[in-house]
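Trainee: One structure follows; several queries about it will come next.
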Amino acid sequence: MSQDIWDTMKEQPFTSYMDLALDEARAAAGRGEVPVGAVVVLGGRVLAREGNRVRELCDPTAHAEVLAIRAACRVIGSERLVGADLYVTLEPCPICAGAIAAARVGRLYYGAADPKSGGVAVGARVFSHPQCHHVPQVYEGIGGAQSEALLKQFFAARRGQP
């Protein structure tokens, strides 16, 4: 095997794109949306980055993950994101987990756990369901402290707490 082929086969060092997702979450909070951000990366290239736009678009499915998946699919001209990484600041809900499975996302990285509405580690556990046709690799807790702090600040401000 030639050295060039061997070099391209070596595992690339891990690079987190959670900071970009956090930027999108902050922008969502600035629009009055629940601060959740998502970034889709394929081969080290950012295909899409989005934040929640549920209120802005009057669309209950305009979650950051769904919007980022839609945009990334348009960029590559396919309904599948095979081998792509999805970074999201909050554990995906069942809607988003279903979209992640349908898009065949390769790896899911999420920050804060969502014990109330999560669909990955709690609640519906979409990827554990026998009818789930694709299960991504899941990595939780990346940027979790920052994601959780952002969410707590947002909801405290909505309740009028300091």
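The values are calculated or read from the model by the stated rules, or taken from the named source; none is laboratory data. The shown structure was predicted, so the numbers you read here are calculated from the model rather than taken from an experiment. Quick reminder, even Gly has a Cβ in these numbers, built from the backbone with ideal geometry, and neighbours come from all protein chains shown. Note: areas computed on protein heavy atoms with side chains; ligands, DNA, RNA excluded. Shrake-Rupley method; radii C 1.70, N 1.55, O 1.52, S 1.80 Å.
Trainee: When only C-alpha pairs under 8 Å and at least 6 residues apart count, what is the relative contact order of the chain, in percent?
Mentor: Worked out over the chain, it gives 18 percent.
Trainee: Hand me the GluC sites (Glu not before Pro) from region 54-102 located in a DSSP loop with no more than 15 other Cβ atoms within 10 Å, in residue order please.
Mentor: Working: sites: GLU56, GLU65, GLU79; in loops: GLU79.
Filter output for region 54-102: GLU79.
Trainee: Rounding to the nearest 10 and keeping the result within 0 to 90°, find how far the Cα-based axis of helix 144-158 lies from the longest principal axis of the chain.
Mentor: Relative to the chain, helix 144-158 is tipped by roughly 20 degrees.
Trainee: Sort VAL135, VAL40 by heavy-atom solvent-accessible area, probe 1.4 angstrom, most to least.
Mentor: The residues order as VAL135, VAL40, largest area first.
Trainee: Which Cα, out of LEU67, MET18, ALA145, lies furthest along the positive dipole direction of the chain (beta carbon charges, K/R +1, D/E -1)?
Mentor: Of the listed residues, the answer is LEU67.
Trainee: In square angstrom, what is the accessible area per residue of the chain with a 1.4 angstrom probe?
Mentor: Working: 8790 Å² over 162 residues.
Ligands and nucleic acids excluded, the figure is 54 Å² per residue.
Trainee: List the trypsin sites (Lys or Arg not before Pro) in region 92-154 that DSSP assigns to loop (not H, G, I, E or B) and whose Cβ has at most 12 other Cβ atoms within 10 Å. Which are they?
Mentor: Values: sites: ARG104, ARG107, LYS116, ARG125, LYS152; in loops: ARG104, LYS116, ARG125.
Passing sites in region 92-154 are LYS116.
Trainee: Pull out a ≥ b ≥ c, the square roots of the eigenvalues of the alpha-carbon gyration tensor of region 103-142, then state rounded if a/c is under 1.5, prolate if not and a/b is larger than b/c, and oblate in the remaining case. Intermediate results must be reported in sequence, preceding the final value.
Mentor: Numbers: a/c = 2.74, a/b = 1.19, b/c = 2.30.
It is oblate, given that a/c is not under 1.5 and a/b is not larger than b/c.
Trainee: By DSSP, what percent of the beta bridges with both residues in the chain are antiparallel, rounded to the nearest 5?
Mentor: The antiparallel proportion sits near 55 percent.
Trainee: On the protein heavy atoms, probe 1.4 angstrom, tell me the percent of accessible surface of region 76-162 carried by carbon and sulfur.
Mentor: Exposed carbon and sulfur together represent 54 percent of the surface.
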